[in-house]
Each structure stands twice: as C-alpha cells, then as structure tokens.
Amino acid sequence: MIELKSPAEIQRMHVTGQFIGEVLDELAARAAVGVNLLDLEHHARHMLKERGAVSCYWDYSPSFGRGPFRNVTCLAVNDAVLHGLPKSYVLQDGDVLTMDIAVLIDGWAADSAMTVIVGTPREEDQRLVRATELALQAAIDVAQAGNRIGDISAAIGEVCGQFGYTPNLEFGGHGIGRTMHEAPHVSNNGRRRHGMKLKPGLTIAIEPWLAATTDRITYDEDGWTLRSADGSRTAHSEHTVAITEDGPLVLTRRKSELGSAAGPASSQASLP
C-alpha cells in the first residue's frame, strides 16, 4: 500500500532529511587518511543521540541480513557498496568510501547516501562517483507529478549507460515515510512511460549505485556487506525526494551540494 503524504507531513520528513544531510556532511569532512571507520560510526551515533533521532538501521533484520544490524551507518569501502557493516578499518589514501544513513525524527524517516574519495583520487573513481551523482539528478529531474516510476528508472539507466556502466537491479530505491522501506520499488533501470503514475505526496528514496566493471554482487561473510562480484570499485548516491505540485523536492539535500554541479542544475551538462 502506498501512502501519500500531506504537505505538513512532507515538511516533517524534510526536517529529518536536513539532519541526515548534516550528518553526511560532517562524516565526509572527517573521512581522511588514517581515520578508522568505527570513529565515523561512533560520531554518527553521538549526533543522533544529541538530536533525539532514531536509527532506522539499528535492529534492522531483513531476510537477506544475518541477524539484527547494530549500527547507525552503513560504511562501505572500495569494492563494497551496500549495507556496509562498520568495522575496524583505517582509511587509506585513495579509498572510495560510501556512507549511507537513514533515521526517524518524530516518527518520520529519510534516507541518503554519498560516496567520497579519501586522499588522492583516481580519475576512474571520480568518474564512477560522478556517474551515480548525475544519474541521481537525472532521476530527480523527471520525478514530476504525472510522470511514471519507469521514467525515473529509465533516467538512471540512460545516464549509467552513457558512462558505460550497467546498474544492478537486485537492489534499488524505495518508498519511504513512516518507515524506511515502503512501496513502491524504484529500479535503477527501466522503461519510460511504464509503471505507476507519480502523484503529489509520494515520497521515495532514489539511489543509483554502480560497480565499475560488473552488475553482479557478492555478500561478505558478515551477511550484510555487498561487494562487486569482480572486485571492481563502486559508488552510490541517494536522496529522499517528495513529489509535489511544484515539482520534485529533495528532502536530504546537503549544504555541501548547494551551488555545486550535484545540485539543482541539469544532469545533462557534464555527460561524457
């Protein structure tokens, strides 16, 4: 069942989303060579406690996981991309770090992810990260009332294809609101003008993610962390977006994005 949110409810989700943006910006600023992933996890825990936010991840027990998740962030390095279980790992020069977080504030959820490169970036890693960012913005651009879910999925797939990447379709975006995962599923590839019609009040997490040279994944022994099947590097970009009468509203936009190419500008400006 899909629950459309009122403008007041969307505003409450926006409050949650703005906080998530603050957490990601702060974690990104702290992610440096020599920093342990557990330091980032514990700093995020501190920020949630100070704000009175509740982690959507803590005690999360989906069918694909191994036992309840007991962290407030997903942190994934290099060939790891989704559901990264934070562990004691010291970041190295050139590491690709994906940070994903979802929380509830006053009963309303938001979800967002970003990938950063620690220290000296490799050009091919920058290109991969950029592809997910532009795919996300292309999807946001078409998240308009009257369009369809397939328009969002197709926009993602088209940008990824123009970069020469193939998205995995096992995991994708999702509805969000009173809980982290609601209907509908938002695939990272699809057909335009297909699927449910987008209506004002629909709130969804859009999250293109990629591996450089494969669309297949494997699981770590921890039962959570997903990696590229061939060991190639990965990237992930995600925002929570509300469909409104006035166009898409990004509820998790970070201050670091404002005025950047990852912001509201057209996603077609920097395609290869």
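Can you work out which of the residues in the range 96-128 that are open to solvent by less than 10 Å² (accessible area, probe 1.4 Å) and outside any strand (DSSP E or B) is farthest from T213 (Cα to Cα)?
V118
This table checks each residue for (1) in contact with a helix residue (DSSP H, G or I) (Cβ under 8 Å, 6 or more places away or on another chain); (2) surrounded by fewer than 22 Cβ atoms within 10 Å (Cβ to Cβ); (3) of a type in the set (S, T, Y); (4) at pLDDT 95 or above.
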| residue | (1), (2), (3), (4) |
| --- | --- |
| G195 | yes, yes, no, yes |
| P208 | yes, no, no, yes |
| I217 | no, yes, no, yes |
| T240 | yes, no, yes, yes |
| K255 | yes, yes, no, no |
| S260 | no, yes, yes, no |
| S270 | yes, yes, yes, no |
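With the requirement that a residue be open to solvent by 40 Å² or more (accessible area, probe 1.4 Å), under 19 Å from the mean Cα position of the chain (by Cα) and not aliphatic (A, V, I, L, M), what does the range 46-60 give you?
Within the range 46-60, the subset open to solvent by 40 Å² or more (accessible area, probe 1.4 Å) is 46, 49-52, 54, 58-60.
Filter again for under 19 Å from the mean Cα position of the chain (by Cα), leaving 54, 58, 60.
Scanning the range 46-60 gives W58, Y60.
Sort through A211, A154 and tell me the only one that's without any contact (Cβ under 8 Å) to a residue 40 or more places away in the chain and under 30 Å from G65 (Cα atoms).
None of the others qualify; the one that does is A154.
Sort out which residues of the range 66-85 are farther than 26 Å from V15 by Cα and either open to solvent by 20 Å² or more (accessible area, probe 1.4 Å) or in contact with a helix residue (DSSP H, G or I) (Cβ under 9 Å, 6 or more places away or on another chain) (or both), and write them in order of number.
R66, G67, P68, V77, N78, D79, L85
In the range 23-37, which residue that is small (G, A, S) and open to solvent by 20 Å² or more (accessible area, probe 1.4 Å) is nearest to the chain's Cα centre (by Cα)?
Only one residue fits best here, namely A28.
For G177, state whether it is free of Cβ contacts under 8 Å to residues at least 24 places away in the same chain and more than 29 Å from A29 (Cβ to Cβ). So that I can check it myself, show each step before the final result.
Values: free of Cβ contacts under 8 Å to residues at least 24 places away in the same chain: no; more than 29 Å from A29 (Cβ to Cβ): yes.
Judged against the criteria, G177 is not a match.
Determine whether A139 is under 15 Å from the mean Cα position of the chain (by Cα), more than 25 Å from A31 (Cβ to Cβ) and crowded, with 19+ Cβ neighbours inside 10 Å.
Answer is yes for this residue.
Run N188 past the list (1) touching a residue at least 60 places away in the same chain (Cβ under 8 Å); (2) within 17 Å of L128 (Cα to Cα); (3) polar (S, T, N, Q); (4) touching a helix residue (DSSP H, G or I) at 6+ places or on another chain (Cβ under 9 Å) and report the number of the one that doesn't hold.
Here N188 clears every test but (1).
When both residues are 6+ apart or on different chains and their Cβ atoms are under 8 Å apart, which pairs have a first residue that lies in the range 45-65 and is farther than 15 Å from G223 by Cα, and a second that is part of a strand (DSSP E or B) and among the charged types (D, E, K, R)?
So the pair list comes out as C56/D111.
Would you mention how many residues in the range 143-173 are open to solvent by less than 30 Å² (accessible area, probe 1.4 Å) and not acidic (D, E)?
Residues that pass the stated criteria total 17.
Across the range 188-237, what is the number of residues that are among the polar types (S, T, N, Q), assigned to a strand (DSSP E or B) and under 30 Å from E9 (Cβ atoms)?
Final tally of qualifying residues: 1.
Scan the range 174-187 residue by residue and report those that are in a loop (DSSP other than H, G, I, E, B) and crowded, with 19+ Cβ neighbours inside 10 Å.
Those that are in a loop (DSSP other than H, G, I, E, B) and crowded, with 19+ Cβ neighbours inside 10 Å: I176, G177, M180, S187.
Scan the range 4-19 for residues that are in a helix (DSSP H, G or I) and either surrounded by fewer than 20 Cβ atoms within 10 Å (Cβ to Cβ) or of a type outside the set (G, A, S) (or both) and jot them down.
Once the filter is applied, which keeps residues that are in a helix (DSSP H, G or I) and either surrounded by fewer than 20 Cβ atoms within 10 Å (Cβ to Cβ) or of a type outside the set (G, A, S) (or both), the range 4-19 yields P7, A8, E9, I10, Q11, R12, M13, H14, V15, T16, Q18, F19.
The values are calculated or read from the model by the stated rules, or taken from the named source; none is laboratory data. Not measured: the values here are computed from a predicted model. FYI the Cβ positions are ideal-geometry reconstructions off the backbone, even for glycines, and counts take in every protein chain you see. Side chains included, ligands, DNA and RNA excluded: accessible areas come from the protein's heavy atoms. Shrake-Rupley method; radii C 1.70, N 1.55, O 1.52, S 1.80 Å.
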